[in-house]
Structure formats: C-alpha cells, structure tokens
Amino acid sequence: MIRTQRLAAGVCALLAALTAALAFPASAAADETEQAAPKVELVLDVSGSMRKADIDGGTRMAAAKQAFNEVLDATPEEVQLGIRTLGANYPGNDRKEGCKDTEQLYPVGPLNRTDAKTAVATLAPTGWTPIGPALLKAATDLDGGSGTRRIVLISDGEDTCQPLDPCEVARAIAAKGIGLTIDTLGLVPDAKTRDQLSCIADATGGTYTSVQHKAELSDRVGQLVDRAADPVVTPVATEGSGECAEAPALKPGLYTDREEFGQQRWYKVDVEPGQELRASVSVAADRAVNPDYGILLRAVNGHGRELVRGEAAGNGRTDVTSTGLRYPKPESDDDNAPAESICLQVTNSFSAAAGVKTQPGLPLELTVDVVDGPDAAHDVAAFGLGRGWWLLGALVVTGFFGGLLWGWVSRWRVAVWRSN
C-alpha cells in the first residue's frame, strides 16, 4: 500500500513540474512587457463664447468644469495627465496678442487631483480661440517617453487665428510619426465647427464627437482618458523609397509613413525559406478627396517579378481603405539557403479635390509579420503549443508509463487480496 502511494505521488509530482514549466514562461513574459506610462493633455477652450448658457440650462464653461472634475476623479493612476487652456487670459482686441493666449494650466505628470481641480476652478471665459497655437504647444507638452500620447480638445467654435490652420497643424503633428492622437469634442453643433474639429481628429487617427449635454461631455472625456491607459502597439515612423533597390529594410512590426497623391512607396522585408510573409496596409483620406480611388499592395522579388498582390477600392464613403497579402516562401533542400529580400510596393490612386492641399501626404499604416509557413507550422505546432511540442511529448510519455505502472500495481494488489 505504501509503495503504491509513493508511486502515485511521484507520477503526480512529475506532471505538476511539467505543467509549471508550461506556465512559467508565460508569466515571466508578462512581467517583461510592462507598459510605459501613457500621457494625456486636456486642451480646453476658454474663449468668450464659453459664457453662453445653452447646455442643460447652464453655461458651456460650467459644463466643461463639471466634466473635468468628474474625469479627474476617475483618471487611472497610471495615466500622466495635464491641462492646457486657450483664450483664458487676454481680454483685449489685439488679434496678435489674442492668438498667443495659450498656457499650460497643469503640467503633464502624476495627477494631484486637488491641485488640478483648484486650477480648473479659477478659469473664466475671456478671449480668443487660438486652437492651432494650443495644439502646437500641447504636442510639446507631451514630448518624450514611449507610452501612448493623446490630446483631448474641447471647443465651442472655430479657430480665430488663421492663417495658422489648426487642421494643417494636426497634419504636421501626424507627419512627425510620434504616435500622438488628437480627439476633439464640439459643444456647438454648427457645420463649420464640426468640419474643422473633424479634420483635426481625422489627421491623427482620432475621433470627433458632438456633445450637447453635461453627461455626454463627462462620459466622452472619461472614455478618451481611459482609452489612453489601454495597452497598444505604438507604430514606428519610417520613410519608404521611390524604388525597390533603395527601400528601407523592415522587421516585423507596425509602421507609419506618408504617401502623396498618386505616389508609390517601397519597403523591404527578409523572408527565410519555409516562412510566410504577411503584410497589410491602410491609407487614410484625412482631407477631401475625389471619389473612386483605390490602393494596391504588391510583393515583388529581387528580379521585379510580382509574387502576390492585394488591392481595395473606395468611393468616398469611408475615411480609411485597407488591403493585405500573404506570401509563403517554399522550403529549400539547402539548409544554408539565404533569406530572400521581398519588396513591398504601396500605391494609391487618390486625387485631391479642388482647393485641397496635397502636403503632407496621406497617412499610411503598414503592418509586417513573418511567421513559420503552413507546412512548418503543421509539423511544429499541430497541437497549438508551438515550440513547446517537446513538453507535450513528455506529458504523453509520462502519462503512458504512469498508466502502465498504475495498472501493474493494481493487478498485483488484486492478486495479493485473492491469495489471502
């Protein structure tokens, strides 16, 4: 009986050790993927028009303050938050001075809720609406670090400091490839304000929301701040070339670039025999474009021969057009066969509408991945354990011999019992 218990205990211990080996790498990897601190700056319009009382019977300024207080209470601990104002200090009529009126009310960093609320409580609607200058300053406020960066702009009107077009400012920020997103909220549902705030958001991959009630404003700002804390992959800025031979070499990852109207961009990826290249691209129409357009993604070998392509068309009803491709490189009998450089060509057929600026180019996002090909994946990961197949084998062998031993011991015990 004691021998049987010891045998069973040994088998269980071995199984437990193998199970722990499966779990340990996953937990260790999780510890190594700690996210950098996300940064958010709330940019609030404090111009004279914010005195108007048309949001649930109160002023626009009162609604904004209430929303800020509620959001500050609910901001996740890991988010570094700051507040910037525009139009809060200069009450005069000098346009040049009014368009400089933007300041950082609370610096981006670990949040002290009491200090931030006190700063917001002192605000009073005052002057102009320098949205463009405020966005430039906010981008500088968020500079540094590798975490996500987000500007949340709340305004009740158009920028009053042209010719510094805030939409062009947003495009210039996006063109830097720093992964900064601008979300906008409009407190007045007029077409001009909506168009300008939508353009700012579209240029950086952000969102525009029209809000007319206090609860809507608080909920939406809170959602955007929470979103900054979500783990995301930050795209890496790259610059495609005009031809395959000069294309930048990319490793698996997510990349951003800019592509002019009707332009083609080239990128290069190395693929080993038995591997599969997977690539996708999205091009955003962040300004008015003519209808009937498309994008083409091609994989080409070093001799210029097309291997595979993906293409998609649009008709003006969507802001983003995407396509993708897969190219499995066959196995080689030569174990020392070199990797093949595959060139990816991205071409678009967008054309600018009348009066639309063509610079900077359209935002482009390219995803590249290189994985084991279908045959290798079947051999190595038939049971979904990838490179851990040997652990599965160990478990099977252990279970088999454990079953044999347990059966032998059981038969022996029965024989002993019958003999007695």
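Values quoted throughout were computed directly from the atomic coordinates according to the rules given, and no laboratory measurement underlies them. As the structure is a computational prediction, the values presented were derived from the model and not from experiment. Positions of Cβ are backbone-derived with ideal geometry, glycine not excepted, and every protein chain shown enters the neighbour counts.
The Cβ shell under 12 Å around Glu168 holds other residues with a net charge of 0, Lys and Arg each +1, Asp and Glu each -1. Modelled spin-label separation between Asn93 and Lys192, with each label point placed 7 Å from Cα along the Cα-to-Cβ direction: 1.9 nm.
Can you give me the Cα centroid spacing of region 104-139 and region 49-66 in angstrom? The distance from the Cα centre of region 104-139 to that of region 49-66 comes to 17 Å. In straight-distance terms, cross-link reach from Lys176 covers every one of the lysines whose alpha-carbon lies under 25 Å from its own, apart from those fewer than eight places away in the same chain; here that gives Lys39, Lys100, Lys137, Lys251, Lys268, Lys357. In straight-distance terms, cross-link reach from Lys214 covers every one of the lysines whose alpha-carbon lies under 21 Å from its own, apart from those fewer than eight places away in the same chain; here that gives Lys52, Lys65, Lys117. The GluC sites (Glu not before Pro) of region 34-110 that meet both conditions, a loop assignment by DSSP and at most 16 other Cβ atoms within 10 Å of the site Cβ, are Glu34, Glu77, Glu78.
With the simple spin-label model, which puts each label point 7 Å out from Cα in the Cβ direction, the Asp334 to Leu164 separation comes to 6.0 nm. All other residues whose Cβ lies under 9 angstrom from that of Val368 are scored, Lys and Arg at +1 and Asp and Glu at -1, for a net of +1.
Taking Lys and Arg as +1 and Asp and Glu as -1, the other residues whose beta-carbon sits under 14 Å from that of Pro125 total 0. Straight-line reach from Lys192: taking Cα to Cα under 14 Å and skipping same-chain neighbours fewer than 8 places apart, the aspartates and glutamates in range are Asp156, Glu158, Asp159, Asp165. Here the residues Val43, Val225, ranked from fewest to most Cβ neighbours within 10 Å of their Cβ, fall in the order Val225, Val43. Panel order for Asp195, Asp165, by other beta carbons found within 10 Å of each beta carbon, from fewest to most: Asp195, Asp165. Ranked by the mean number of other Cβ atoms within 10 Å per residue, highest first, peptides 328-337, 254-263 order as 254-263, 328-337.
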